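The values are calculated or read from the model by the stated rules, or taken from the named source; none is laboratory data. Predicted model only: the values in this text are computed from it and were never measured. Virtual Cβ from ideal backbone geometry, glycine too; neighbours counted across all protein chains shown.
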Amino acid sequence: MTTPALELRQITKRFGNHAAVDRVDLVVPHNSVVALVGESGSGKTTTGLLALRLVHATSGQILLDGKDISNLSQKELKPHRRQMQVVFQDSYASLDPMMTLGEIVAEPLGIHGIGSAAERRDQARSWLERVGLDGGYANRYPHELSGGQRQRVSVARALILGASMLVADEPTSALDVSVKAQIVNLLQDLQTSMGLSMLFISHDLSVVRSLADEVVVMLRGRIVERAPTDQIFADARHPYTQSLLDAVPVIDPKARRRRTFLSADEITARTPRFHPRELDTQPLLDTAEPQLVALAGSHFVEAIVTERATP
Amino acid sequence: MTGFILRRVLSMAVTFIVVSIVIFLMMHAIPGGPFDGYDMPLPDNIKARLMAQLGLDKPLWEQYLRYMWGVAHFDFGVPYQSPGETVMGLIAHAWLPSFTLGGLGILIGAPIGILLGMAAALRRNSFIDYLASGVATLGLTIPVFIISTGLILVFAVWLHWTPASGWGEPKRWILPILAYAAVPLATYARYARSTMLDVLNKPFVTVLRAKGLSERRIIFQHVLRNAAIPMVTIFPAMFVGIATGSIFVEAMFRVPGLGAYFVSSINKRDYPLEMALMLLISALYSISYLVAEILYAVLNPRIRIEGSGR
């Protein structure tokens, strides 16, 4: 098995007694897009920040291209930061309003001491063009741009250092539908042309479906289901994933669907149960706590494994 | 930019005229006149002659126009309570202590407040943060005459470090300036903290951390620059307080500034002085807001763009 671009092992973040992220395992293979979905408060954004070492993990490991970065100091971390970059949701607040777009895009080069000022400027311009903005935008300020254009700037800034791993935290959630499609296309193009790996954090399942290779579903800090994208959309096994899928708006009003909104108790009550014989791997038996079990076809779901009959 | 300033100056002039009319009417709406308050009332005929001499027998609109005609020629008349000098002369000698007191109070209070607020924002929930919040809350809620009394009690009465009141030599300036500094200090401690936190919580700061920029550089190259705009733009407004805010401090420390004249001119219906002082305040307001707007426009690229190209 090749080294993944990013791997989180049993990563946990506690704020006081509350575990925002609870023993999460996550693998983003090279050249692939893993979507992290879940409602707000599920811990998906915190997971992204943990991966970027912007929030310090309570426990667990972060492996960037096989290298354990979980305990490096910020100084030791700096060279590794070139490999992993981030795009946030709020396109305006993501850009320093006092700087021109050229300065913003060139800044990462300056931080890592790459090239002369003139070279940095040229590179920033060519990156602006690469994300679909005319080079003339280099002298403009963030407020002069639309949300979609600003998000392009954020992407250019994220990738100018040649990052191989991109954490995109709801990069399209604040955008109009048409603009959203453009940004998704841009990310898709860059992903294929640069061989980028991406952790795509979103609650927008329609975007996830068109972009992601694998979908990871989080609920209350835990991963409840994980499967290749097609598999998730075709055969979601966890009640929470099913309710997320049901909540996706459908344009055709005639497409009548059964909608389920589950409370926390209902989700717990409906957690799948398996007899050990049904599973490929040998899980711990009869634990009261649900655990992530492997089904056929790289499909994992949080379930209770018990030899007793399903109640 | 020039057009912008011209437009503002023009609207300032209009505001100034409106304000002068309102003040003039309100001033005359107070019952009684300048010669009614004596223990031994003047005979009616003498009072009438004095009133005629000062033009106070004319209809209000005429009095207003005459006054404003004088103002246009920088003639603010003669104060009734001190007929030996002009209003301009009186303000000229009384304003120096007021502006020294207020100006030094701001120049001492504001930077300390800014540093305190910044330190609080950078070390949230630390001792310094609680100190800053405490200082800000007390500075804004405790009336200045209580602060003044406290200062006098501690430094003059108990410690004998400074004189209790008066002006004159700089040693006497210390306590009034400290008392005056409380409000700008508290205002800035709060304001600097909140603007800094506001910027620190922006995603672009998180992105800079993700880029590997050191915390120190993030603060000096990005956060301060962004937080400076709102901090600089409230600075001119601080000076407005000099004219009004020092009334209490001056009274507490018996500083021979403008403060006392505000009160006496109203009590004694000293129309020319009252009018001049009120116009001075509104001029201070107008000018400080104009300066604030210009500063804001110069500092903020978002405003800078309109009217001036890039």
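May I ask you to list the residues in region A:52-74 that are in a strand (DSSP E or B) and either over 16 Å from A:Val86 (Cβ atoms) or not hydrophobic (A, V, I, L, M, F, W, C) (or both)?
In the first step, residues of region A:52-74 are kept if they are in a strand (DSSP E or B); the result is A:59-64, A:67-68.
If the condition is that a residue be in a strand (DSSP E or B) and either over 16 Å from A:Val86 (Cβ atoms) or not hydrophobic (A, V, I, L, M, F, W, C) (or both), then A:Ser59, A:Gly60, A:Gln61, A:Leu63, A:Lys67, A:Asp68 are the ones that fit.
A:Glu7: surrounded by 19 or more Cβ atoms within 10 Å (Cβ to Cβ) and more than 13 Å from every other protein chain (Cβ to nearest Cβ), yes or no?
Numbers: surrounded by 19 or more Cβ atoms within 10 Å (Cβ to Cβ): yes; more than 13 Å from every other protein chain (Cβ to nearest Cβ): yes.
Judged against the criteria, A:Glu7 is a match.
From the list B:Glu215, B:Glu274, the lone residue that is acidic (Asp, Glu) and crowded, with 22+ Cβ neighbours inside 10 Å is B:Glu274. The condition of being basic (Lys, Arg) and under 23 Å from B:Gly55 (Cα atoms) holds for B:Arg269.
Looking only at residues of region B:34-88 that are among the polar types (S, T, N, Q) and outside any loop (DSSP other than H, G, I, E, B), we find that the one that is surrounded by the most Cβ atoms within 10 Å (Cβ to Cβ) is B:Gln63.
Being within 11 Å of chain B (Cβ to nearest Cβ), β-branched (Val, Ile, Thr) and in a loop (DSSP other than H, G, I, E, B) is the filter here; which residues of region A:90-131 pass it? Within region A:90-131, A:Thr100 is the sole residue that qualifies. Tell me whether region B:188-202 contains one or more residues that are at the interface with chain A (Cβ under 9 Å from one of its Cβ atoms), small (Gly, Ala, Ser) and assigned to a helix (DSSP H, G or I). No, region B:188-202 contains no residue that is at the interface with chain A (Cβ under 9 Å from one of its Cβ atoms), small (Gly, Ala, Ser) and assigned to a helix (DSSP H, G or I).
The residues of region A:75-89 that are touching a strand residue (DSSP E or B) at 6+ places or on another chain (Cβ under 9 Å) and in a helix (DSSP H, G or I) amount to a single one, A:His80.
Answer yes or no: is there a residue in region B:121-140 that is within 14 Å of another protein chain (Cβ to nearest Cβ), surrounded by 13 or more Cβ atoms within 10 Å (Cβ to Cβ) and either under 23 Å from the mean Cα position of the chain (by Cα) or at pLDDT 90 or above (or both).
no
Would you check if there is a residue in region A:70-77 being surrounded by fewer than 18 Cβ atoms within 10 Å (Cβ to Cβ), of a type in the set (Ser, Thr, Tyr) and free of Cβ contacts under 8 Å to residues at least 12 places away in the same chain? For region A:70-77, residues surrounded by fewer than 18 Cβ atoms within 10 Å (Cβ to Cβ), of a type in the set (Ser, Thr, Tyr) and free of Cβ contacts under 8 Å to residues at least 12 places away in the same chain: present. For region A:174-185, the count of residues that are at pLDDT below 90 and either within 13 Å of another protein chain (Cβ to nearest Cβ) or in contact with a Leu (Cβ under 6 Å, 6 or more places away or on another chain) (or both) is nonzero. Within region B:218-240, restricting attention to residues that are among the polar types (S, T, N, Q) and within 15 Å of B:Ser194 (Cβ to Cβ), the residue that is surrounded by the fewest Cβ atoms within 10 Å (Cβ to Cβ) is B:Thr233. Considering region A:132-157, the residues that are within 9 Å of chain B (Cβ to nearest Cβ) and of a type in the set (Ser, Thr, Tyr) include one that is nearest to A:Asp169 (Cα to Cα), namely A:Ser154. B:Phe155 - would you say it is surrounded by fewer than 13 Cβ atoms within 10 Å (Cβ to Cβ) and either more than 17 Å from B:Glu250 (Cβ to Cβ) or out of contact with any Gly (no Cβ under 7 Å at 6 or more places or on another chain) (or both)? Here the answer is no, as B:Phe155 does not meet what is asked. Candidates in region A:168-212 are the residues that are outside any helix (DSSP H, G or I) and charged (D, E, K, R); of these, the one that is surrounded by the most Cβ atoms within 10 Å (Cβ to Cβ) is A:Asp169. Inside region A:1-47, residues that are without any contact (Cβ under 8 Å) to a residue 24 or more places away in the chain and in a strand (DSSP E or B) make up a count of 3.
Considering only region A:57-88, state which residues are facing another protein chain (nearest Cβ under 8 Å), over 21 Å from A:Pro4 (Cα atoms), out of contact with any helix residue (DSSP H, G or I) (no Cβ under 7 Å at 6 or more places or on another chain) and modelled with pLDDT of 90 or more. Selection gives nothing. Within 14 Å of chain A (Cβ to nearest Cβ) and closer than 29 Å to B:Val291 by Cβ - does that describe any residue in region B:164-183? No, the conditions are met nowhere in region B:164-183. Report every pair of residues separated by at least 6 positions or lying on different chains whose Cβ atoms are under 9 Å apart, first residue within region B:211-228 and more than 10 Å from chain A (Cβ to nearest Cβ), second of a type in the set (Asp, Glu) and surrounded by fewer than 18 Cβ atoms within 10 Å (Cβ to Cβ). Correct list of pairs: B:Ala227/B:Asp198.
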